[in-house]
Amino acid sequence: GGGECDFVQFVKLVHEQQTHANQGQRSKLMKLFQRYDRDNSGSLSAEELLQVFADLDLSPERDDERLAFLEAVMESDVDGSGEIEWAEFEMLVHVVRQKISQCRREREVRLCQQMMLPPHIFLNFRHILISLHDSFRQYDLNGQGTMLKDAVPELILARGFDMNLKHTLDMMEDDAVIAPLLTDREEVDFAVLLQVIQRFHEVNEGEQSEDLHRIFEMYDMDNNGMLTEEEILKLMRDLGLEEWKDVNEVTRIIDECDQDGNGVISFEERDFAMKLGFSDLELRELREIFAVLDSAEVGLLSFQDVTKALHIMGHTNESEDVICRYDPEKIGRLDFKSFLAVMRDAVPTQQGGKPDRLSVLQMVEAA
């Protein structure tokens, strides 16, 4: 990037960004509160609250979530009026989000245990595991925990894991991974379905990665395998992305994505994370955690630091012996790619109530 900052400045910057985000969130909540406070009473009834939380995508969907929602309302109704005032509303949103997230995490883990899902499958699909299982149950006509193999293409297309019926059928019949899974089966269970979907994800992601690589090479004018600000700016302008035409915006994107801080984006850096199945949000959060722990700014973490990161994120069962597998050079330290691999393969603990991740500031304070 164009500048440098020490650790203290970095934490301060993160804190300022969080404060700015919180202010924006508070403004949004205030507008919602006022919109549904139709009688201008300064408080919301139970019916109005349900409408607000639907707008926030926090509607309780199952019995455990409904119970958690009611508990949160009772906890937040400090004056016992039966309605929620603005001062109580802010706390209620925080508590509901926390309780519903906890319910969903616990349900994901229970589903993983019941279906005996392999850790890598669970981690790859955790963010959509519940909704996928809901889709599966729609095809489980006899309630026996299986669906007809012939209905699998319909589900795959409906969920957007493939876009072409012929391609889907061809893969199910000829793919070296999928075909053995489905041979001699009339029905498939949820675990097998996830393995099939995982394969479709790998194949389609590989094709997308090849397309991205071709585009990358087109704009890599000096063929050095990296894009500079000037080359990225040309790419954005050619694509007609108005909001990214400003050089300052390009600089910000590079600062977010540039792992080694050399002012360019290596295709391999992003491609590696994509192959592991990380979203952009997860990648940014893990990079922030790595940066905080890499206090010496050498691009390497000790086993002790990696173990600390795992414990902070709730993976308490991982030992240094497990981490050693990602240190083929036997130097006792892991670079960022190895760190990502550890995080992808880490087995989640079965304890409810833990956060999946912490913000950098929270992690610094906890450490």
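The values are calculated or read from the model by the stated rules, or taken from the named source; none is laboratory data. This is a predicted model, so every value here is computed, not measured. Quick reminder, even Gly has a Cβ in these numbers, built from the backbone with ideal geometry, and neighbours come from all protein chains shown. Note: accessible area is taken over every heavy atom of the protein model, side chains too, but ligands, DNA and RNA are not part of it. Shrake-Rupley method; radii C 1.70, N 1.55, O 1.52, S 1.80 Å.
Points to keep in mind about this one:
- Sequence-ordered 3J(HN,Hα) estimates for the stretch 100-116 from the Karplus curve with 6.51, -1.76 and 1.60 and θ = phi - 60° stand at 5, 4, 5, 4, 6, 5, 5, 5, 4, 5, 4, 5, 4, 5, 4, 8, 6 Hz, glycine and proline given as x.
- Backbone amide hydrogens, once placed in the peptide plane, bring residue 294 within less than 5 Å of nothing, excluding anything fewer than 5 places away on its chain.
- The residues of the stretch 118-210 present an accessible area of 53 Å² per residue when probed at 1.4 Å with all protein chains retained.
- Sorting 156-167, 63-74, 331-342 by their mean Cβ neighbour count within 10 Å, with the most densely packed peptide first, gives 331-342, 63-74, 156-167.
- Solvent-accessible area, 1.4 Å probe, carbon plus sulfur percent, for the stretch 83-201: 52 percent
- Theoretical gain in end-to-end length, residue 341 to residue 51 [0.36 nm per residue, Cα-Cα removed]: 100.3 nm
- Phi angles of the stretch 164-171 translate, via the Karplus equation with coefficients 6.51, -1.76, 1.60 and θ = phi - 60°, into HN-Hα couplings of 10, 4, 4, 4, 4, 5, 5, 5 Hz per residue; Gly and Pro are given as x.
- Under 5 Å, built H, 5+ apart or other chain: amide partners of residue 187: 149
- Annotation: extensible slack from residue 59 through residue 30 equals 8.6 nm (criterion: 0.36 nm per residue apart, minus Cα-Cα distance).
- Rounded to the nearest whole Hz, the Karplus-based 3J(HN,Hα) values (6.51 cos²θ - 1.76 cosθ + 1.60, θ = phi - 60°) of the stretch 187-194 follow the sequence 9, 10, 8, 5, 5, 5, 4, 5, with x at glycine and proline.
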